[in-house]
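Written below as structure tokens is the structure these notes are about.
Derivation of every value follows stated rules applied to the coordinates shown; laboratory data play no part. These numbers were taken from a predicted model, which means no experiment stands behind them. Backbone-built Cβ (ideal geometry, glycine too); neighbour counts: all protein chains shown.
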Amino acid sequence: MSSELLDALTLLEKEKGISRDVLIEAMEAALVSAYKRNFNQAQNVRIDLNLGNGSMKVFARKEVVDQVFDPRLEISLEEAKNMNPNYQVEDVVEMEVTPKDFGRIAAQTAKQVVTQRVREAERGIIYSEFIDREEDIMTGIVQRLDSKFIYVSLGKIEALLPVNEQMPNERYKPHDRIKVYITKVEKTTKGPQIFVSRTHPGLLKRLFEIEVPEIYDGTVEIKSVAREAGDRSKISVHSENTEVDPVGSCVGPKGTRVQAVVNELKGEKIDIVKWSDDPVVFVANSLSPSKVLDVIVNEGEKATTVIVPDYQLSLAIGKRGQNARLAAKLTGWKIDIKSETDARDIGIYPREESFRLLKEEDTADDDFDQDLDLD
């Protein structure tokens, strides 16, 4: 009995990661429940579980009183002194009341309670592990699909990938390995519930952290992300170290780093732009790959009017307005794009100072793109 009990506790502790103290506490609580249920006893009892020899004893705990009203919970002072002369009123006397066949009945009755406690402890461990991984990325395996969710195995638990968090250009099959972003971890009566996403901007950010050592170590910082999952995204990057090119770090030699992220996202186009605390420069950069002549800022309304060459107007706006829409999300500024001709017609002219500043930025970017042979 003792070796089997010890072996079972050791196995559970090893396989489930549950401490032996938790298991022993669960077993003692189960044995108390078993005793009260099977022997119709409502008295206050304590279980003595001896792991050394595998024995189980039940002790009734009774308070010493002058006058007994409930013999299940109380014992007279006279009777207590017959057991030990040192007992006084309000002391607690323990008396062994272990039934002869308690071991067999206890094992049967306690099994369900112990199992439940173990399951609760497992759930607690899983919740503690995954609550710390909110807003993190994990690799999972697609298990099954239905009309509402894709169920992704993350090892100890299945996560839920809702329909609206699935990329429109992807088709998922059982056993596919995919990277997912953990958006929410909830504690429910049935255990932890984990929701993941393939469309969240955080997924793009975490993928760059994996591929770009300079982001991981903090040399380069991703300032903002704008994403239309499965189609196109923009990220702005910055480095306090003037000797580090944040855009070049993210692109990588011959574009290998950004290409790894693009491949993981099944061909999603990614624009990497340099962040600036000057809204003129930042907004102009965000409209990449189009060229900008001037950015007129309205601080009060957090809005900008952007002037572009006539032949660049459609490129700046993008297909169905996507480029301008992503630029606005990336910068946090409203963006109104006008061609140079339209701007002049309403009396707006590019300022020479802005033109010079933006031209310098464009020249640097052009040189960088040519070196890497990028589009």
- Query: Residue by residue, what Karplus-based ³J(HN,Hα) values in Hz, rounded to whole numbers, does the range 22-36 have, using 6.51, -1.76 and 1.60 with θ = phi - 60° and x for Gly and Pro?
  - Reply: 5, 5, 5, 4, 5, 5, 5, 5, 5, 5, 4, 4, 5, 4, 5
- Taking the range 200-275 as the region of interest, what is the percent of Cα-Cα pairs per 10 angstrom bin, listed from the shortest bin to the one with the maximum distance? 21, 60, 18, 1
- Where N is the number of residues in the chain, Cα Rg divided by 2.2 N^0.38 Å: 1.64
- Task: At 25 °C and 0.890 mPa s, grab the translational diffusion coefficient of the range 294-347 from Stokes-Einstein with a Kirkwood Rh over Cα pairs, rounded to a whole number in µm² per second.
- Result: 216
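Please give the charge dipole size of the chain, origin at the Cα centre, charges +1 on K and R Cβ atoms and -1 on D and E Cβ atoms. Round to the nearest 20 debye.
Working: 52 positive and 67 negative charges, 421 e Å.
The calculated dipole for the chain is roughly 2020 debye.
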- Note on the structure: Once phi for every residue in the range 286-298 is put through the Karplus expression 6.51 cos²θ - 1.76 cosθ + 1.60 (θ = phi - 60°), the whole-Hz ³J(HN,Hα) values, with Gly and Pro written as x, are 5, 8, 3, x, 6, 8, 10, 8, 7, 10, 9, 9, 10
- Item | Cα centroid separation - the range 239-285 against the range 118-179, whole Å | 29
- Quick one: net charge around Arg227, please, counting Lys, Arg +1 and Asp, Glu -1 for every other residue with C-beta under 12 Å from its C-beta. +3
- Message: Need one number: nm distance between label points at Leu145 and Glu170, each 7 Å from Cα along Cα→Cβ, rounded to one decimal.
- Response: 1.2
- Query: Counting only residues 5 or more places away or on other chains, whose amide H sits under 5 Å from the amide H of Asn44 once H atoms are built in the peptide plane?
  - Reply: Arg61
- Item | Ordering of 309-318, 268-277, 296-305, 230-239 by burial proxy (mean other Cβ atoms within 10 Å per residue, highest first) | 230-239, 268-277, 309-318, 296-305
- Message: Can you list residues from other chains, or at least 5 along the same chain, whose modelled amide H is less than 5 Å from the amide H of Thr304?
- Response: Asn298, Lys334, Ile335, Asp336
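Give the peptides 333-339, 251-257 in descending order of average Cβ contacts within 10 Å, highest first.
Working: 333-339: 18.9, 251-257: 14.9.
Descending packing order for the listed peptides: 333-339, 251-257.
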- Once every DSSP H run of n ≥ 4 in the chain is given -39500 (n - 2.57) and the sum is divided by its residues, what mean residue ellipticity at 222 nm do you get, rounded to the nearest 500 deg cm²/dmol? -12500 deg cm²/dmol
- Task: Just the number, please: Stokes-Einstein D of the range 138-197 in µm²/s, Kirkwood Rh from C-alpha pairs, 20 °C, 1.002 mPa s.
- Result: 185
- Task: Might you report the magnitude of the Cβ-based charge dipole of the range 200-275 about its Cα centre, with Lys and Arg at +1 and Asp and Glu at -1, to the nearest 20 debye?
- Result: 320
- Query: When the chain is treated as a GNM, springs tying every alpha-carbon pair under 10 Å, which of Leu77, Leu145, Leu207 comes out with the largest mean-square fluctuation?
  - Reply: Leu77
- For the pairs Lys205/Lys266; Lys36/Lys62; Lys266/Lys291; Lys291/Lys338; Lys173/Lys266; Lys184/Lys223, note any where the Cα-Cα span goes beyond 20 Å. Lys266/Lys291; Lys184/Lys223
- Message: Under a Cβ-only charge scheme (Lys and Arg +1, Asp and Glu -1), can you give me the dipole magnitude of the range 140-275 about the Cα centre, in debye to the nearest 20?
- Response: 620
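Given Cα pairs under 8 Å that are at least 6 residues apart, what percent is the relative contact order of the chain?
Computed value for the chain: 9 percent relative contact order.
So which of Lys190/Lys329; Lys148/Lys334; Lys148/Lys302; Lys14/Lys57 end up more than 32 Å apart, counting from Cα to Cα?
Correct reply: Lys190/Lys329; Lys148/Lys334; Lys148/Lys302.
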